[in-house]
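**Student:** One structure coming up, written as structure tokens, with questions to follow.
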Amino acid sequence: MRTPSAGVLVLLAGAGLLLCALIGEVTATGTASGDVPLEVTARVLMIGLPIGVGLYAWSQPSSARFGRNLTLTGFVYFLAMLSSSSNEVVHGIGRLAGWAVEVWITYLVLSFPSGRLPGRPDRLIVAGGVAVVAFLYVPTVLFVDAFPTPSQWASCVTECPANPFQVTSSEPAFVEAWVRPGRELITIALFVAATLRLAMRMSESSRLVRLAIGPVVVASAARLVILVLALGVRAIDRDGTPAAVLAWLVALFVPVITLAFLAGLLRWRLFVGASLARLAHRTDLHTSWAALRSGLADAFRDPGLQIVEGQVGAGPGRAVTEVREGERPIAAIVHDEALRDERAFVDAATAHARTVLENQRLTERTAELVREIEDSRARIAATADEERRRLERDLHDGAQQRLVALRMRLGLAAELLTRDHARGAELVRQLGPEAEAALEEMRSLARGVYPAPLADHGIAEALRSAARRSPLPVVVVGERGRRYPESIESTAYFCALEALQNAAKHAGGATRVTVTISELDGRLRLEVHDDGTGFDPARAVRGAGLTNLDDRARAAGGDAVVESRPGAGTRMVVTLPLGGQGRQHPRP
Amino acid sequence: MIPSPSRAVRVLTVDDQAVFRMAAREVIEATPGFEAVAEAGSGAEALTLTESLRPDLILMDVRMPGMGGVETSRRLHETRSEALVVLISFEDPADVDPVAQGCGAMACVRKQDFSPATLRKLWEDHRRIT
């Protein structure tokens, strides 16, 4: 249940103070025996303490319900205090209220500290108490001459006001003989049951609950003893001093039990504080779910604490705190029921759980990225190997063959010149074009490795040169002579080449390709746009060429994006970082 | 079989490169007493042509895709072909020899050293005497 706002608490505290003042007044002017100041102090404590401690408990989420009940008790005690009055009716109302309060105290003791009765036995005991008051106490009001004295509620001893509710002319004998002793015995039995029940709960509960209800058990047991004594002595010698003293002691136990509640609540608070401190000392909480589980279990002394995925139901004495991300449940923490409403625990556990999840996600993402990088690297290495092989093949199949043939023919020519001069001379003449062809092969090969225009004049010129050899019309827009770092120029050049080849191969109906080289925010921007048919990106299969392009761009620290729509052409944009600034190539 | 002067030595050239085959043909044709009867572009083709044409001398490129020169040579050796097999290679013959041991080829020659003089020498050094 929600805790009241500060304003409400202050209001209730003010009301409590008012009542204390009132009861002081009533007591001072009512039937008094002995010291007035003593009595006033005692009665003010009996009202003020429950209200004060009750408001404190009400302000904590974990004991809010109990706190509300305890505060209420203070106000009800006020009614019971009316038995100090000399007015018959007021006194009568006070005594009736006094009987109700006895049951109420039992209820408070059994429902501490959450404010809910934890089990069946508790509910039975309270029900029994209600039954006793309802059937054995209240109805007798109609029959008796006066309320029993002495009583913790009445300050009068001998000159008590008569019972105003009596309807019969005199008291029936059976009330004195049977009902009174009977109900007192049952009342004692119920108090014994309550105290035992509390002691049993202590042995079954977690450390936190034991800490909280320990003081209450002690106070309850002591009160029981005093109560038995008081009732016994009252039966023996109603008017003697011991009876009056014991009646006072019983009355005193109301503040004492309230102080026991306070002690329990403070021990609870200290325990939670210490637990949070223990939790804060753990450095490994976020490494895994198991680590968090063990951390929480140790810190809060709850060895049975579990963290499970998804949703789960709690067993007896356990509660479930769900950790959510928006609407989605991430995990469920099964823990001691007592911690269910403890804000500090719930907040800390939830925050840590979210961090564990975040950590897991980050770790997975990192692993994924590492895998991507490794794959990319492997691809790049494989591509490099492949290109080397291709180069070797091209050299072997092309230029090398020509040179070998040239060599053979030279040998032949040398021999022929001695034997058959004309034929030899003819052969020598043929060797010229052969040498040219070999040279051309080598030139073409070199262009494939690193084109001369790129090395000499920069990317715009190199692409213009490549454009001349493209089957499609290509326009290159870029500053002539603008130079960039070698690796950037090379990457951009080969990416553009790949894009041009793709356009030539796949762009149906393209009339023109535009290559634009520009700089933007310290990055080189290369765009190749064709006005062909385009393709549907969702359905296109990524070829090796595009993957290679992407790998190259990423390896250089940039990225490549290919956009296309059916009917809207294709556009490839590669952006690459420029470490320094691009420099203007000095004109020779 | 010792070729009589009236009969030319029939040579089969085996190489996947057309450029070399053409150059080799020119050399063979320019060597008196030798005749270029056929060219094969692969080891398989070489086996078929050897079967049908029965050349006297086979110039076998070592490096060919599919069945290489050494393997083809081995097969020919198994079929007891009477042709003289000479391995031709880009690389140093010293690198080729260990691989080619026992495959049946009689010699190994560099491509660029192939000239009429080489051709004649090969034939005279290694022809079989039946």
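**Student:** In this structure, is B:L87 within 14 Å of chain A (Cβ to nearest Cβ), under 19 Å from B:D16 (Cα atoms) and outside any helix (DSSP H, G or I)?
**Tutor:** Criteria not met by B:L87.
**Student:** Could you pull out the residue among A:T363, A:T383, A:T283 that is among the polar types (S, T, N, Q) and under 30 Å from A:G545 (Cβ atoms)?
**Tutor:** Selected residue: A:T383, the only one of A:T363, A:T383, A:T283 that is among the polar types (S, T, N, Q) and under 30 Å from A:G545 (Cβ atoms).
**Student:** I've got another one for you. Looking at the structure I just gave you, is B:R127 out of contact with any Ser or Thr (no Cβ under 9 Å at 6 or more places or on another chain) and modelled with pLDDT under 85?
**Tutor:** Yes: the conditions hold for B:R127.
**Student:** Something else now. Given the conditions (1) within 14 Å of another protein chain (Cβ to nearest Cβ); (2) in a helix (DSSP H, G or I); (3) in contact (Cβ under 8 Å) with a residue 24 or more places away in the chain; (4) of a type in the set (A, V, I, L, M), report the number of the one that B:L59 does not fulfil.
**Tutor:** For B:L59, the failing item is (2).
**Student:** Looking at region B:65-82, which of the residues that are touching a residue at least 40 places away in the same chain (Cβ under 8 Å) and surrounded by fewer than 22 Cβ atoms within 10 Å (Cβ to Cβ) is farthest from the other protein chains (Cβ to nearest Cβ)?
**Tutor:** B:E82
**Student:** Among the numbered criteria (1) more than 30 Å from A:L55 (Cβ to Cβ); (2) over 49 Å from the mean Cα position of the chain (by Cα), which single criterion is violated by A:I226?
**Tutor:** Going through (1) more than 30 Å from A:L55 (Cβ to Cβ); (2) over 49 Å from the mean Cα position of the chain (by Cα) one by one, A:I226 breaks only (1).
**Student:** Still on this structure, please answer the following. If you go through region A:419-442 one residue at a time, how many are hydrophobic (A, V, I, L, M, F, W, C), within 23 Å of A:D394 (Cβ to Cβ) and more than 13 Å from every other protein chain (Cβ to nearest Cβ)?
**Tutor:** 3
**Student:** Would you check which residues across region B:90-125 are within 14 Å of another protein chain (Cβ to nearest Cβ), in contact with an Asp or Glu (Cβ under 7 Å, 6 or more places away or on another chain) and either buried (at least 16 other Cβ atoms within 10 Å of the Cβ) or assigned to a loop (DSSP other than H, G, I, E, B) (or both) and list them?
**Tutor:** If the condition is that a residue be within 14 Å of another protein chain (Cβ to nearest Cβ), in contact with an Asp or Glu (Cβ under 7 Å, 6 or more places away or on another chain) and either buried (at least 16 other Cβ atoms within 10 Å of the Cβ) or assigned to a loop (DSSP other than H, G, I, E, B) (or both), then B:S115, B:P116 are the ones that fit.
**Student:** Just wondering, is there one or more residues in region B:83-102 that are in contact with a Ser or Thr (Cβ under 6 Å, 6 or more places away or on another chain) and more than 30 Å from A:A413 (Cα to Cα)?
**Tutor:** So far as region B:83-102 goes, no, none of its residues is in contact with a Ser or Thr (Cβ under 6 Å, 6 or more places away or on another chain) and more than 30 Å from A:A413 (Cα to Cα).
**Student:** Does region A:396-418 include one or more residues that are of a type in the set (G, A, S), more than 30 Å from A:C495 (Cβ to Cβ) and either free of Cβ contacts under 8 Å to residues at least 12 places away in the same chain or more than 11 Å from every other protein chain (Cβ to nearest Cβ) (or both)?
**Tutor:** Scanning region A:396-418, I find at least one residue that is of a type in the set (G, A, S), more than 30 Å from A:C495 (Cβ to Cβ) and either free of Cβ contacts under 8 Å to residues at least 12 places away in the same chain or more than 11 Å from every other protein chain (Cβ to nearest Cβ) (or both), so the answer is yes.
**Student:** Being at pLDDT 85 or above and either surrounded by 15 or more Cβ atoms within 10 Å (Cβ to Cβ) or aliphatic (A, V, I, L, M) (or both), is that true of even one residue in region A:235-251?
**Tutor:** Within region A:235-251, none of the residues are at pLDDT 85 or above and either surrounded by 15 or more Cβ atoms within 10 Å (Cβ to Cβ) or aliphatic (A, V, I, L, M) (or both).
**Student:** Which one of these is aliphatic (A, V, I, L, M) and farther than 24 Å from A:S111 by Cβ: A:V346, A:V308, A:V320, A:V334?
**Tutor:** None of the other options fit; the residue is A:V308.
**Student:** Related question: Could you list all residues from region A:404-455 that are of a type in the set (V, I, T) and under 60 Å from the mean Cα position of the chain (by Cα)?
**Tutor:** Within region A:404-455, A:V449 is the sole residue that qualifies.
**Student:** Identify all residues within region A:350-395 that are of a type in the set (A, V, I, L, M, F, W, C), away from chain B (no Cβ under 14 Å) and in contact (Cβ under 8 Å) with a residue 24 or more places away in the chain; write none if there are none.
**Tutor:** Within region A:350-395, A:A353, A:V356, A:L357, A:I380, A:L391 qualify.
**Student:** Now a separate question. Check region A:292-312 and report whether any residue there is closer than 23 Å to A:G115 by Cβ, outside the structural domain of A:A553 (by TED's automatic domain parsing), touching a helix residue (DSSP H, G or I) at 6+ places or on another chain (Cβ under 9 Å) and buried (at least 19 other Cβ atoms within 10 Å of the Cβ).
**Tutor:** Among the residues of region A:292-312, at least one is closer than 23 Å to A:G115 by Cβ, outside the structural domain of A:A553 (by TED's automatic domain parsing), touching a helix residue (DSSP H, G or I) at 6+ places or on another chain (Cβ under 9 Å) and buried (at least 19 other Cβ atoms within 10 Å of the Cβ), which makes the answer yes.
**Student:** Let me ask something additional. Identify the single condition in (1) assigned to a helix (DSSP H, G or I); (2) at pLDDT 85 or above that A:F78 does not satisfy, given that it satisfies every other one.
**Tutor:** Evaluating A:F78 over (1) assigned to a helix (DSSP H, G or I); (2) at pLDDT 85 or above leaves (2) as the failure.
**Student:** Return yes when A:R379 is surrounded by 14 or more Cβ atoms within 10 Å (Cβ to Cβ) and touching a Ser or Thr at 6+ places or on another chain (Cβ under 9 Å) and no when it is not.
**Tutor:** The answer is yes for A:R379.
**Student:** In region A:403-493, which helices (runs of 4 or more DSSP H) lie fully inside it and hold 2 or more residues that are loosely packed, with under 15 Cβ neighbours inside 10 Å?
**Tutor:** A:421-449, A:452-457
**Student:** Of the residues that sit in region A:2-18 and are surrounded by 14 or more Cβ atoms within 10 Å (Cβ to Cβ) and at pLDDT below 85, which one is farthest from A:R343 (Cα to Cα)?
**Tutor:** That would be A:P4.
**Student:** Taking the condition of being at pLDDT below 80 and touching a strand residue (DSSP E or B) at 6+ places or on another chain (Cβ under 9 Å), how many residues in region A:544-567 meet it?
**Tutor:** 0
**Student:** OK, next. Would you point out the residue of region B:5-33, among those that are in a loop (DSSP other than H, G, I, E, B) and within 11 Å of chain A (Cβ to nearest Cβ), that is farthest from A:R393 (Cα to Cα)?
**Tutor:** B:P32
**Student:** Could you tell me whether any residue of region A:116-125 is part of a helix (DSSP H, G or I), crowded, with 18+ Cβ neighbours inside 10 Å and either at pLDDT 85 or above or touching a His at 6+ places or on another chain (Cβ under 8 Å) (or both)?
**Tutor:** Checking region A:116-125: at least one residue is part of a helix (DSSP H, G or I), crowded, with 18+ Cβ neighbours inside 10 Å and either at pLDDT 85 or above or touching a His at 6+ places or on another chain (Cβ under 8 Å) (or both).
**Student:** Where residues in region A:568-588 are closer than 21 Å to A:A556 by Cα and of a type in the set (D, E, K, R), which of them is modelled with the lowest pLDDT?
**Tutor:** This residue is A:R583.
The values are calculated or read from the model by the stated rules, or taken from the named source; none is laboratory data. None of these values were measured; they are calculated from a predicted model. Every residue, glycine among them, receives a Cβ derived from its backbone with ideal geometry; neighbour counts consider all protein chains shown.
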